[in-house]
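A.B. asks: The structure follows.
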Amino acid sequence: MSRRVAIASSDGEEIDLHFGQAYQFYIYDVDDRGYSLAEVRKVSAILTHNADEIERKAAVLQDCDALFAAKIGLGAVRQLATQRIRIFEAPFAIEAV
């Protein structure tokens, strides 16, 4: 079964962005055979804890099953949980994760 995951990364190699500061997400399709890059989605960074901004950013990930970010705040966790997106703080190399 295939899953779609979003990764907050500045370079496509490291999970190095906080969810709010992320200006792009690498979107991967993952299955039993491995993973492949589907696209890179550009987004605006969030500089405040504004719920509307968090909701707009979360909407970009509505087709994803999981999000990997270096860090993520509680407000964003709550919003993504309403979309049933699993959240992982994983400040590591993408390939390792």
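The values are calculated or read from the model by the stated rules, or taken from the named source; none is laboratory data. All values derive from a computational prediction rather than experimental measurement. Cβ atoms come from the backbone with ideal geometry, glycine included; neighbour counts cover every protein chain shown. Note: accessible area is taken over every heavy atom of the protein model, side chains too, but ligands, DNA and RNA are not part of it. Shrake-Rupley method; radii C 1.70, N 1.55, O 1.52, S 1.80 Å.
A.B. asks: Pairs needed: first member in segment 79-97, within 19 Å of Ala51 (Cβ to Cβ); second member anywhere, acidic (Asp, Glu); C-beta distance under 9 Å; at least 6 residues apart or different chains.
C.D. replies: Within 9 Å, the pairs are Gln79/Glu55; Arg84/Asp65; Ile85/Asp65.
A.B. asks: Still on this structure: Just to be sure before I move on: is Leu37 surrounded by 17 or more Cβ atoms within 10 Å (Cβ to Cβ), modelled with pLDDT of 95 or more and either touching a strand residue (DSSP E or B) at 6+ places or on another chain (Cβ under 7 Å) or part of a helix (DSSP H, G or I) (or both) in the structure I sent?
C.D. replies: Against the criterion (surrounded by 17 or more Cβ atoms within 10 Å (Cβ to Cβ), modelled with pLDDT of 95 or more and either touching a strand residue (DSSP E or B) at 6+ places or on another chain (Cβ under 7 Å) or part of a helix (DSSP H, G or I) (or both)), Leu37 does not qualify.
A.B. asks: Could you list, ordered by first residue, the pairs with Cβ atoms under 6 Å in which the first is in segment 22-40 and touching a residue at least 12 places away in the same chain (Cβ under 8 Å) and the second is exposed (fewer than 15 other Cβ atoms within 10 Å of the Cβ) and not in a strand (DSSP E or B), at least 6 apart or interchain?
C.D. replies: Tyr23/Ala45; Tyr26/Gly12; Asp29/Ser2; Asp31/Ser2
A.B. asks: Hey, another quick one. Look at Ala70 and say whether it is within 19 Å of Ile15 (Cα to Cα), of a type in the set (A, V, I, L, M) and within 12 Å of the chain's Cα centre (by Cα).
C.D. replies: yes
A.B. asks: Now for a different question. Have a look at Arg86, Arg41, Arg78 and point out the one that is basic (Lys, Arg) and over 13 Å from the mean Cα position of the chain (by Cα).
C.D. replies: Result of the check over Arg86, Arg41, Arg78: Arg78.
A.B. asks: Just to be sure before I move on: is Ala70 farther than 16 Å from Ser2 by Cα, in contact with a Gly (Cβ under 8 Å, 6 or more places away or on another chain) and either open to solvent by 20 Å² or more (accessible area, probe 1.4 Å) or at pLDDT 95 or above (or both) in the structure I sent?
C.D. replies: Taking the combined requirement at face value, the residue does not satisfy it.
A.B. asks: Taking only segment 54-67 into account, find how many residues are over 18 Å from Ile15 (Cα atoms) and in a strand (DSSP E or B).
C.D. replies: Count: 0.
A.B. asks: I would also like to ask the following. Can you say whether Ser44 is more than 22 Å from Val97 (Cα to Cα), open to solvent by 50 Å² or more (accessible area, probe 1.4 Å) and either in contact (Cβ under 8 Å) with a residue 12 or more places away in the chain or touching a Cys at 6+ places or on another chain (Cβ under 8 Å) (or both), as far as the supplied structure shows?
C.D. replies: yes
A.B. asks: Got a number for residues in segment 1-34 being small (Gly, Ala, Ser) and surrounded by fewer than 18 Cβ atoms within 10 Å (Cβ to Cβ)?
C.D. replies: Count: 4.
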